[in-house]
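One structure is given here, and the rest of the page talks about it.
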Number of protein chains: 2
Amino acid sequence: MPKKENKISVPGFTANGISVGIKSPSQKDLGLIHCNIPARVAAVFTKNSFKAAPLLINAERIKRGMAQSIITNSGCANAATGKQGYKDALIISGEIAKELQIKEELVLLSSTGVIGKRLPVKKITSGIGKLVKGLNEFGIEDAQSAMMTTDKFPKISIKKGIVGARDITICGIAKGAGMIEPNMATMLTYVMTDALIDSKALNTVFRQAIDATFNTISVDGCMSTNDMAIIMANGMAKNNPLERAQARLQLFREMLCDVLMELCQAVVKDGEGATKFITILVEGAKSRSEARRAAYAVANSNLVKTAFYGCDPNWGRIIAALGSSGITLERERVTLYLGNVLVFSQDSPVNYNSIKLKDIFQKNKIDVRIGLGAGDKSYCVYTSDLSYEYVKINAEYAT
Amino acid sequence: MPKKENKISVPGFTANGISVGIKSPSQKDLGLIHCNIPARVAAVFTKNSFKAAPLLINAERIKRGMAQSIITNSGCANAATGKQGYKDALIISGEIAKELQIKEELVLLSSTGVIGKRLPVKKITSGIGKLVKGLNEFGIEDAQSAMMTTDKFPKISIKKGIVGARDITICGIAKGAGMIEPNMATMLTYVMTDALIDSKALNTVFRQAIDATFNTISVDGCMSTNDMAIIMANGMAKNNPLERAQARLQLFREMLCDVLMELCQAVVKDGEGATKFITILVEGAKSRSEARRAAYAVANSNLVKTAFYGCDPNWGRIIAALGSSGITLERERVTLYLGNVLVFSQDSPVNYNSIKLKDIFQKNKIDVRIGLGAGDKSYCVYTSDLSYEYVKINAEYAT
């Protein structure tokens, strides 16, 4: 995460975030990211069947490959709101296009918050004038604040590097906290870059990068109706253009993965009620999908997560969760390491140093490494623990 | 549940439960159920790949179709304990056979508690003499107490009825509480009956009854290594023998289902930290398996469960969980009732009475009814909420 004093900006982008009273008066709840010129765009959306209204609209608009603005409100998800929700979103989109004097089809929309409530359209439209007026090149942090819900800290990552013979910048912002088991993107992630890159390359590289980062995390195993990740590339760096199958695209992909990995790990660290950051690596699987299934079975087990929260080295729950994953296991070949302590091997507990193991469970960063001994494929999942605080936050969310 | 003053017994069965110091000195932790003559037996076991040692032994013994005794310890699951765990279980089984003067292959074994710890064999064997000596026809309640772990109340159900021209008795006992999403049986369920029934009929009817009862519940979505349900039928009622495809078998099945339903609902009510009993009925599905998938997606959502705990009518989370289930949904056809209040229909929120809805969420028994409008198949799941207490119990379990 960048230091406060270094003001964050990306050439060609402006942003802003204000309060229009959807949440409490002191909290920012409406944010805008705007590119001075139309930018190439790629996006991925939740696989949830009840995709929220803004996502349905975006999915259509994104097909043209260009976008210029993303408006986001927090406090209301505009999900499970049917035709009315769709109409409401279009009103916002029309107003923002008019105010920005751009084509409406270049506006992307996003909402996050309670599901099943109607969008407070008037509150939002009445704030659009102020929102647009305040757009400025250092407004990215304000835009990020405006999309936070139960997030405890902002999630911004920025990288600069030379790609295609020019300095380029990639900056990503994200919101996370709860309902986090993305099936392509967690909640909201926006990436801005001045790189010059063609549409196909942007699309491919973005999907690959999301798959390698946001698709490997889980806070509570719950898939949202509003998950969405968007990248806008305005080409203002005037680098040698990035196209598919080019060596220099690899550099861009690496930078992008760095930005997204920083963001998705921040989302896990700020998981609702999270006190620990847990890495679950499954190795030696027959296939990547089996490794993934095993890793998520462990990551999403409430019993594993509460044991981590309680600093309780109850590793038997990890074995039980692994055994419930549904993949074929050769018990004799399975190994389990917690940190650098081997606790289970040859279908039996190992005579480990229990003081050392307790120490590992006291830490706020714990590495779980499972070997299946069945092949050479692996998968790594990042997750958090399950605490009183998670229950508290979510027992009292809507009321 | 039967009243205290009515002493529970099943003709031909004796039982006992004592403390041998595996748990605290005051808690019973070793239980025995014994049939005076070898009984026909059927059983189902967890689908977890890391089945505990006693289950591996039982699975072999059950093939012969006869059993006479079940010994159960709590406080240690003898799971993830490998060859040593297998040997340890065989020592117990040998000792109990010797003491009871029966064939060792007629002894079934069971353990419940912490996974990955060696069975305290000496404590158990040193108590076997006392355990056997104390066997008595009214000992079923003591045997049940001895298998409790985090259970708050005992789970016993008994039915009497006329089947095949004779009075028969079916009595079931269960332990539950945590790691409850059975994939055939939750934790431990033993059923004793004096009905005369042949092996094939017993096997068939028991699997059907478990599928209709224990396989429809979930507390925390975690599948145990030790789940097991066993039925022993000693034939002492001398009824007209029950065989497959007989009308009177239907009577027996109904009685058995009543017993098991009472037990499995008690397991949900006593789910770790549970404050509410939630019924999730999915109707109008294309297939039973799709209805099941949808029902479990809702039942196992931590966000849904915490909303119930918080008495928070945040029904949008139910829609989000349904949408994440992976089944194909026609959004326009989906309906959601909470109690008798329709909250969602035609892809939109209904203008419901929110005071009435709040009242429903205050109750400790809540009915969720989801219509998919895609067919005529349904599935019903019973589950509990997710509370601070669940986190507390499981954060501090092993230490």
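The values are calculated or read from the model by the stated rules, or taken from the named source; none is laboratory data. Just so we're clear, the structure is a prediction, and the values are computed from it rather than from any experiment. All Cβ positions, even for glycine, are placed from backbone atoms using ideal geometry, and neighbour counts span all protein chains on display.
Search the range B:332-350 for residues being touching a Ser or Thr at 6+ places or on another chain (Cβ under 7 Å) and within 8 Å of chain A (Cβ to nearest Cβ), and hand back the single one that is modelled with the highest pLDDT. Step through it out loud before you land on a result.
Taking the range B:332-350 first, the residues touching a Ser or Thr at 6+ places or on another chain (Cβ under 7 Å) are B:335, B:342, B:344-345, B:348-349.
With within 8 Å of chain A (Cβ to nearest Cβ) added as a condition, the list becomes B:344, B:348-349.
Values: B:344: 92, B:348: 88, B:349: 88.
Step by step, filter the range B:332-350, then rank; the result is B:344.
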- [ ] From (1) touching a residue at least 40 places away in the same chain (Cβ under 8 Å); (2) under 19 Å from residue A:18 (Cα atoms); (3) in a helix (DSSP H, G or I), pick out the condition that doesn't hold for residue A:105.
- [x] (2)
Open item on the list: If residue A:282 meets every condition in (1) away from every other protein chain (no Cβ under 12 Å); (2) at positive phi apart from one, which number is that one?
Closed with: (2)
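Taking the conditions exactly as written (away from chain A (no Cβ under 14 Å), modelled with pLDDT under 90, surrounded by 23 or more Cβ atoms within 10 Å (Cβ to Cβ) and closer than 30 Å to residue B:14 by Cα), does residue B:229 satisfy them or not?
Judged against the criteria, residue B:229 is a match.
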Task: Count of residues meeting criterion [in a strand (DSSP E or B) and β-branched (Val, Ile, Thr)] in the range B:265-323 - done: 4
Task: First in the range B:132-151 and in the same structural domain as residue B:226 (by TED's automatic domain parsing), second anywhere and part of a helix (DSSP H, G or I) and charged (D, E, K, R), Cβ under 9 Å, 6 or more apart - done: B:132/B:99; B:133/B:99; B:134/B:142; B:136/B:142
- [ ] With the condition kept exactly as written, say whether any residue in the range B:78-85 is of a type outside the set (Phe, Trp, Tyr), at pLDDT 95 or above and buried (at least 17 other Cβ atoms within 10 Å of the Cβ).
- [x] no
- [ ] Scan the range A:41-51 and give yes if some residue there is within 23 Å of residue B:324 (Cα to Cα) and either of a type in the set (Val, Ile, Thr) or assigned to a helix (DSSP H, G or I) (or both), otherwise no.
- [x] yes
Open item on the list: Looking at the range A:59-70, can you tell me whether even one residue there is among the β-branched types (Val, Ile, Thr), touching a residue at least 24 places away in the same chain (Cβ under 8 Å) and surrounded by 24 or more Cβ atoms within 10 Å (Cβ to Cβ)?
Closed with: yes
Open item on the list: Pairs needed: first member in the range B:227-246, farther than 27 Å from residue B:107 by Cβ; second member anywhere, among the charged types (D, E, K, R) and assigned to a loop (DSSP other than H, G, I, E, B); C-beta distance under 7 Å; at least 6 residues apart or different chains.
Closed with: B:243/B:198
- [ ] Looking only at the range B:60-80, decide whether some residue is farther than 20 Å from residue B:34 by Cβ, assigned to a loop (DSSP other than H, G, I, E, B) and more than 14 Å from chain A (Cβ to nearest Cβ).
- [x] yes
Open item on the list: Could you go through the range A:221-228 and let me know if any residue there is of a type in the set (Asp, Glu), within 21 Å of residue A:379 (Cβ to Cβ) and assigned to a helix (DSSP H, G or I).
Closed with: no
- [ ] Return the total of residues in the range B:375-398 being more than 9 Å from chain A (Cβ to nearest Cβ) and either within 19 Å of the chain's Cα centre (by Cα) or hydroxyl-bearing (Ser, Thr, Tyr) (or both).
- [x] 7
Task: Within the range B:32-47, considering residues that are in contact with a Leu (Cβ under 9 Å, 6 or more places away or on another chain) and within 14 Å of chain A (Cβ to nearest Cβ), the one surrounded by the most Cβ atoms within 10 Å (Cβ to Cβ) - done: B:46
TODO: Would you mind stating whether residue A:17 is surrounded by 24 or more Cβ atoms within 10 Å (Cβ to Cβ), farther than 19 Å from residue A:106 by Cβ and touching a helix residue (DSSP H, G or I) at 6+ places or on another chain (Cβ under 7 Å)?
DONE: yes
Open item on the list: Looking at B:75, B:65 in this structure, which one is under 19 Å from the mean Cα position of the chain (by Cα) and at positive phi?
Closed with: B:75
Open item on the list: So, in the range A:197-220, how many residues would count as being crowded, with 22+ Cβ neighbours inside 10 Å, modelled with pLDDT of 80 or more and not in a helix (DSSP H, G or I)?
Closed with: 2
Open item on the list: If residue B:137 meets every condition in (1) at pLDDT 90 or above; (2) under 18 Å from residue B:77 (Cβ atoms); (3) surrounded by fewer than 20 Cβ atoms within 10 Å (Cβ to Cβ) apart from one, which number is that one?
Closed with: (2)
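Quick check on the range B:296-303. Is at least one of its residues hydrophobic (A, V, I, L, M, F, W, C), facing another protein chain (nearest Cβ under 7 Å), surrounded by 21 or more Cβ atoms within 10 Å (Cβ to Cβ) and within 22 Å of residue A:392 (Cα to Cα)?
Checked the range B:296-303: at least one residue is hydrophobic (A, V, I, L, M, F, W, C), facing another protein chain (nearest Cβ under 7 Å), surrounded by 21 or more Cβ atoms within 10 Å (Cβ to Cβ) and within 22 Å of residue A:392 (Cα to Cα).
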